[in-house]
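**Student:** For reference, the structure I am asking about is given below.
Quick note: the coordinates plus some simple rules give every number you see, no bench work behind them. Everything numeric here is computed off the predicted structure, so don't read it as measured data. Cβ placement follows ideal geometry from the backbone for every residue including glycine, while neighbour counts extend to all protein chains displayed.
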Amino acid sequence: MTGLSYTVRLENEAAIKELNELLKKAEDLQPFHASVGEHLLNSTQDRFDTETAPDGSPWERHAPATIRSRLRRNGNSPITILRESGRLAGSFNYEANSDHAKIGSPVIYAAIHHYGGEAGRGGNVEIPSRPILGLSSDDESEIIAIAEDFFAN
């Protein structure tokens with residue numbers, strides 16, 4: 001995944017200890033990581049639908065010049081953020097094995113849209129940061145629920 005990927009690390013000592021105890025009970029964690037990857041993929045797709053960052057803040061709206069350009073190219077079709085062609089939104093995938101789940105996009109311009117920065121010829125266009133990957137509080141709760149279900153068996 002060359003464009004953008006995301007790694008999560010626990011820093012809460014109590015959560016790490018509890019998770020390590022649960023992990024000792026599992027023989028193969030690939031199905032657990034695949035469930036987490038599926039959830040993160042769905043959550044990422046939801047961000048494109050709601051046009052919000054993982055923390056719930058709205059993505060910055062388009063600049064007037066971008067809106068004019070889009071209308072010129074696409075007529076009166078809806079002006080969506082980061083979804084003019086659908087290539088970026090449809091590019092996210094995950095990888096899951098017994099050690100981890102990793103989500104990302106191979107699209108090279110995914111990172112500039114996630115982090116923001118200068119783009120265009122001569123770097124004369126400032127792309128605002130529109131965070132795509134990350135964990136929301138709902139994601140954290142869902143991953144805990146996935147773990148509880150997985151390790152309850």
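**Student:** Over all directions, the average projected area of the alpha-carbon convex hull for the chain comes to how many nm²?
**Tutor:** Average projection, Cα convex hull of the chain: 10.4 nm².
**Student:** Moving on. Cα centroid distance between segment 35-69 and segment 78-153, in Å?
**Tutor:** Between the Cα centre of segment 35-69 and that of segment 78-153, the gap is 9 Å.
**Student:** Note the full-extension length gain between Asn93 and Asp28 as 0.36 nm times their separation in residues minus their Cα-Cα distance, in nm to one decimal.
**Tutor:** Details: separation 65, 0.36 × 65 = 23.40 nm, distance 2.14 nm.
Roughly 21.3 nm would be gained on extension.
**Student:** Continuing with this model, one more query. Whose amide H sits under 5 Å from the amide H of Ile127, counting only residues 5 or more places off or on another chain, with H placed in the peptide plane?
**Tutor:** Gly117, Glu118, Ala119
**Student:** Let me test this: with uniform point scatterers at the alpha carbons of segment 2-67, what is the Debye-based log₁₀ I(q)/I(0) at q = 0.23, 0.24 1/Å?
**Tutor:** Each listed q maps to, in turn, -1.15, -1.17.
**Student:** Right, here's the next one. With a 10 Å cut-off between alpha carbons and a GNM built on the chain, which of Leu22, Leu133, Leu82 moves the most?
**Tutor:** Its mean-square fluctuation being the largest, the pick is Leu22.
**Student:** While we're on this one: I need the trypsin sites (Lys or Arg not before Pro) found in segment 1-106, filtered to DSSP loop residues with at most 15 other beta carbons within 10 Å of theirs.
**Tutor:** Numbers: sites: Arg9, Lys17, Lys24, Lys25, Arg47, Arg61, Arg68, Arg70, Arg72, Arg73, Arg83, Arg87, Lys102; in loops: Arg9, Arg61, Arg83, Arg87.
For trypsin sites (Lys or Arg not before Pro) across segment 1-106 that sit outside H, G, I, E and B with at most 15 neighbouring Cβ atoms in 10 Å, the list reads Arg9, Arg61, Arg83, Arg87.
**Student:** Can you compute the helix-only [θ] at 222 nm over the chain? Use -39500 (n - 2.57) per DSSP H run of at least 4 residues, normalise by all residues, nearest 500 deg cm²/dmol.
**Tutor:** Helices in the chain give a 222 nm mean residue ellipticity of -14000 deg cm²/dmol.
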